[in-house]
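Here the structure comes first, spelled out in structure tokens, and everything after it is commentary.
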Amino acid sequence: MGVRVPPGAPHAADRGIFWYNTQLQGRKQKDMAEITLEQRRHSAAHLMARAVMNLFEDVQVDIGPATDEGFYYDFDLPHRLSPEDFPKIESEIARLIALDEPFVRKEVTADEAKKLLAGQKYKLERLADVVADGVAISTYAVGDYVEMCRGPHVEHSKQIGVVKLTRVAGSYYRGDEKNKMLQRIYGIVAKDQAELDEIVARAEEAKRRDHRRLGTELDLFHLDPEDPGQIFWHPRGWSIYVTLQDYMRRKLVKDGYREVNTPAIMPRSLWERSGHWAHYQQNMFITESEKRLFAVKPMNCPGAIEIFKSRTRSYKDLPLRLAEFGHCARNEPSGTLHGIMRVRGFVQDDAHILCTEEQIEEEVAKFCRLLKDVYSDFGFDKNLLIKLSTMPEDHVGDEATWQHAESALAAACKAAGMDYEIQPGEGAFYGPKLEFTLVDALARQWQCGTIQLDYQLPSAERLNAEYIGADGKKHHPVMLHRAVLGSLERFIGILIEHYAGAFPVWLAPEQVRVLPISDKALAYAEKVRGALAAEGVRVEVDDSAEKLGAKIREASAWKVPYKLVVGPRDEAAGTVSVRKSGEGDLGAMSLDDFVAKIRGELEP
RNA sequence: GCCACUUUAGCUCAGUAGGUAGAGCACAUCCUUGGUAAGGAUGAGGUCGGCGGUUCGAUUCCGCUAGGUGGCUCCA
């Protein structure tokens, strides 16, 4: 088979599908004899297409690959598909599976394929791509249904198992928003009903961890429908927020950064010079005062440059690392908003490093080390994915500079002991970048950290930042935009789901709850609280009229890591009875011992 | 922004073949003072997202609009 593109494969430009293809291409021929999950999913997609064509009029089919979760198929038809159609389609698929017909592969010529696909405009367009690639064209037939496809498939349809449709969604043809929107149905396959139930149960677990749900349950924040994409942080959520921010602040200071703060609202004239007015205006909140236009900042970078420019700079000042937890506002399209993960008002652990070209590599390596250090405190350092995005077609600056910049990023990764994969042409128009994607407890991927090279903003054409070199002449520094956590909001959303709301002690908004067994123990409970508060522990007393069992249940629901039961026996002995999340009853220990114990857990 | 779906009490959700609504949890008051995952009683709470249409009558049907959800595009 070699490396040829399988016939019928979607065009490589279809992102997301590209991955799937490359994975299959790498598969050895002998593996194809076995029935894989991909084959079952992919075959289920075919039968779903067949079912939809059997049930509805004027169906145009596009493509239907397997995914990490299951499969989907894209259709264009006059009927508006909805979940109400699922039972009907599912039972038609079940009927087709029960026929247990073989999947028959056949290689055909372009003309034969054209005849087979007559009337299917999307398929014919896809065929043209395959023909252009000059590779063999194959078809798969199951019963009376034939489709151009490179396979592989199951041998006969009963091998697919059971199929359940999960959702219907819109999807642009070839993933391009300028194209028509098709109707996509997603589905999953399982060996039998029992496995299907398991998959459904897993999905429910993810739903239980959903940060939007836990954010409400744990009283961390709320989102007001009247102000979409803006977060109201409640005391418990804000406690997590500032704890994380303080933690990051300490890391930055230790790593040679200086923290600054710049205005939230800046004038049009500045944004014109920075290029944002021309390139980013759609995403900016613009306001007016006394006939002058201003914009709420979507990024902190111009502010950092203004600080750099506030006095004459020497090469001896470089690298200058300016950190800023500046609140940014971006007018994101409504459809992209998602809980606190994707919002319109947010703060990044942002910093801008102004340095010479020679310093780039060392600065990037330094950043990589910092990122690894921080991620390890959350257990995110294990499955870190790093992507190096290189020069896009539409770029500024000469190729030699780009090449130098790209190799500096690559060398820095190696110096930090990190593997990376290259995303050709995915860099920003002003410079290449590294993106860091972490994998959470549910194996989901999140892009958080990034470091981005920028020759443009400090240049004479933009904000004109200059320093005096050793040669006594003026030079423009290079700017590195970088963030470790990304936005604090998104990172906290990830943490909520990663920990299922049960934060480690150092991050927990309430670290200890003291539970007096009755109000006779209230005074002692108050004494325990005072002793812990003096240590900087976030501690509360449950002075409600409930019984102990109810208090424990309540504290557990709020995911308080330590519960200290105190009663007359403890008061007499100067002890607390310790109960810890996940570990249960640890028995009684002296208050001093407990203080010593928790002291060690107040830092990551 | 695009496609589909969706919006009932603070939260999770019932419900009305069109005759202005219910549960559990949470909340309030009272009783209970109980040593490791829900003690009991009583009570308060909603012009059923907003606007318009059909109708004798709309929370229910239709249209528009806003928010949300799932995708797509984009992205920290």
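The values are calculated or read from the model by the stated rules, or taken from the named source; none is laboratory data. Only a predicted model underlies this, so the values are computations on that prediction, with no experimental measurement involved. Glycine also receives a Cβ, built like all others from the backbone with ideal geometry; neighbour counts cover every protein chain displayed. These area figures cover heavy atoms from the full protein model, side chains too; ligands, DNA and RNA do not enter into them. Shrake-Rupley method; radii C 1.70, N 1.55, O 1.52, S 1.80 Å.
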Quiz item: Semi-axes of the equivalent ellipsoid of the range A:509-604: what are they in whole Å, largest first, if each equals the square root of 5 times a C-alpha gyration tensor eigenvalue?
Solution: 18, 16, 12
Exercise. Just read off the accessible area of A:E421 with the full protein assembly in place, 1.4 Å probe, to the nearest 10 Å².
Key: 70 Å²
Quiz item: When the solvent-accessible surface of protein heavy atoms is calculated with a 1.4 angstrom probe, in what order do A:L318, A:L442 fall, highest first?
Solution: A:L442, A:L318
Quiz item: Taking the Cβ of A:A51 as the center, what net charge do the other residues with Cβ under 9 Å away carry, scoring Lys and Arg +1 and Asp and Glu -1?
Solution: +1
Quiz item: Hey, any idea what % of the range A:95-134's accessible area is carbon plus sulfur with a 1.4 Å probe?
Solution: 56 percent
Quiz item: Quick one: if you take sqrt(5λ) for each eigenvalue of the C-alpha gyration tensor of the range A:497-547, what semi-axes come out, biggest first, whole angstrom?
Solution: 24, 15, 5
Practice problem: Using the charge dipole of chain A (Lys, Arg: +1 at Cβ; Asp, Glu: -1 at Cβ; taken about the Cα centre), state which of A:G134, A:H475, A:S334 has its Cα farthest towards the positive end. | Solution: A:H475
Quiz item: To the nearest 500 deg cm²/dmol, what mean residue ellipticity at 222 nm is calculated for chain A from DSSP H runs of n ≥ 4 alone, each contributing -39,500 (n - 2.57), summed and divided by the residues?
Solution: -10500 deg cm²/dmol
Practice problem: Count charges around A:C355 for me, please; just the other residues with Cβ under 9 Å from its Cβ, Lys/Arg as +1, Asp/Glu as -1. | Solution: -3
Quiz item: Among the listed pairs A:K121/A:K433; A:K366/A:K474; A:K297/A:K366; A:K251/A:K382, which are separated by more than 31 Å between their Cα atoms?
Solution: A:K121/A:K433
Self-check item: GluC sites (Glu not before Pro) within the range A:520-591: DSSP coil, no more than 10 neighbouring Cβ in 10 Å
Solution: A:E583
Exercise. Amide H neighbours of A:G501 under 5 Å, at least 5 residues apart or on other chains, H built in the peptide plane: list them.
Key: none
Practice problem: Tell me the trypsin sites (Lys or Arg not before Pro) within the range A:139-220 that lie in a loop according to DSSP and have at most 15 other beta-carbon atoms within 10 Å. | Solution: A:K178, A:K180, A:K191
Quiz item: On alpha-carbon atoms, Rg over Rh for the range A:239-341 using Kirkwood Rh?
Solution: 1.02
Quiz item: What is the log10 of I(q)/I(0) for the range A:429-500, computed with the Debye formula using one identical point scatterer on each Cα and no solvent, at q = 0.19, 0.25 Å⁻¹?
Solution: -0.80, -1.05
Quiz item: So what does log10 I(q)/I(0) come out to for chain A at q = 0.05 Å⁻¹, using the Debye formula with one equal point on every Cα and no solvent?
Solution: -0.31
Quiz item: What share of the DSSP beta bridges in chain A is antiparallel, in percent to the nearest 5?
Solution: 85 percent
Exercise. Read phi for every residue in the range A:181-188 and hand back ³J(HN,Hα) as whole Hz from Karplus 6.51 cos²θ - 1.76 cosθ + 1.60, θ = phi - 60°, with x for Gly and Pro.
Key: 8, 9, 9, 10, 10, 9, x, 10
Exercise. Please identify every one of the GluC sites (Glu not before Pro) in the range A:377-414 that sits in a loop by DSSP and has no more than 10 other beta carbons within 10 Å of its own beta carbon.
Key: A:E393
Quiz prompt | Considering only the range A:478-604, percent of DSSP beta bridges that pair antiparallel, nearest 5 | solution = 55 percent
Exercise. Using the charge dipole of chain A (Lys, Arg: +1 at Cβ; Asp, Glu: -1 at Cβ; taken about the Cα centre), state which of A:S157, A:L182, A:F429 has its Cα farthest towards the positive end.
Key: A:F429
